[in-house]
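Below: the structure, in structure tokens.
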Amino acid sequence: MTFKDLQDVTYDYVNELAGAPGFDIAKIKLYLNRAEKDFVRKTKCHQREIDVTSVANQVSYDSDDAANLAYIYHVINVRYINAGETERGHKLTFMDQSRLPERYEYGDPYWYWVTGNNDRDLFKIGTHPIISELSGTLRIKAFCFPNQDMSSDAQEPYIKEAWRDALPEFAAYRIFRTYSHLKREYSFRAREHKAAYDEIVDDINYHSIKQTDEFTQVEDVYNEENSY
């Protein structure tokens, strides 16, 4: 199903709203794009491995270093691969930023920290110790939002074909809810479409095999038992 197909299905669901104030194809497009973001957030179906090339002694990395960092909403795990190596690298342990030592330390990293998860322009990731090597690889496995809204009719969603029926259900739910003040029936229609959307999401979450989030263990780098 292309973006045009999704628009047509959504319009079939909500065509009785034609002529309502503010209702147009732009509203359908808006809520289809919101639908995809909501879907990938609730199903965690959109995972990426993002490689960031290390810069010697650089404290943190953001979207200027790797564009896809801007679309992360949850980091699953992080590995560090030394320059010139092709192995998986060693896994880093999460550390809350508030527990970073007062002074910078440099060398091979053992911990990672993140900040700005909820703001695409403020997301940063760093390590402790700070990577002192040039051209190493910080490999981030993360759940991400799509990095582009659908705009042209020929575009397709990031999600699999089999799941795309969920998007018009979400869009119809949100549109009917927007106009529920005009007619009581629209509230019922909104709930029907939301129930259909939730059923698809729940079915995917029940049957999908996906990695669970790792337990976030906060390390105390001052503890001698955790020394390196």
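Computed from the coordinates by the stated procedures, all read-outs in this text should not be read as laboratory data. In this text the structure is predicted, and so the values were computed from the model without any measurement. We place every Cβ from the backbone using ideal geometry, glycine too, and count neighbours over all the protein chains shown.
Residues in region 102-116: is at least one in a helix (DSSP H, G or I) and surrounded by 14 or more Cβ atoms within 10 Å (Cβ to Cβ)?
Keep residues of region 102-116 that are in a helix (DSSP H, G or I), which gives none.
Looking for residues that are in a helix (DSSP H, G or I) and surrounded by 14 or more Cβ atoms within 10 Å (Cβ to Cβ), one finds none in region 102-116, hence no.
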Fill in: Given (1) surrounded by fewer than 14 Cβ atoms within 10 Å (Cβ to Cβ); (2) among the β-branched types (V, I, T); (3) touching a residue at least 24 places away in the same chain (Cβ under 8 Å), index of the condition V78 fails
(1)
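So, of the residues in region 120-161 that are acidic (D, E) and over 19 Å from C45 (Cα atoms), which turns out to be surrounded by the most Cβ atoms within 10 Å (Cβ to Cβ)?
If we filter region 120-161 for residues that are acidic (D, E), which is where we start, we get 121, 133, 149, 153, 156, 161.
Going one step further and asking which of them are over 19 Å from C45 (Cα atoms), we end up with 121, 133, 153.
Numbers: D121: 8, E133: 18, D153: 13.
The extreme case among them is E133.
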Worksheet item: Looking at (1) in contact with a His (Cβ under 6 Å, 6 or more places away or on another chain); (2) farther than 22 Å from D64 by Cβ, which is the one condition that is false for F143?
Response: (2)
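Just to check your reading of the model, which residue among A83, A20, A66, A56 is in contact with a Phe, Trp or Tyr (Cβ under 8 Å, 6 or more places away or on another chain) and either loosely packed, with under 13 Cβ neighbours inside 10 Å or among the small types (G, A, S) (or both)?
On the way: A83 fails: in contact with a Phe, Trp or Tyr (Cβ under 8 Å, 6 or more places away or on another chain); A66 fails: in contact with a Phe, Trp or Tyr (Cβ under 8 Å, 6 or more places away or on another chain); A56 fails: in contact with a Phe, Trp or Tyr (Cβ under 8 Å, 6 or more places away or on another chain).
Matching residue, one of A83, A20, A66, A56: A20.
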Discussion item. Being among the aliphatic types (A, V, I, L, M) and closer than 15 Å to G126 by Cβ is the filter here; which residues of region 70-114 pass it?
Written reply: I72, V75, V78, L92, M95, L100, V114
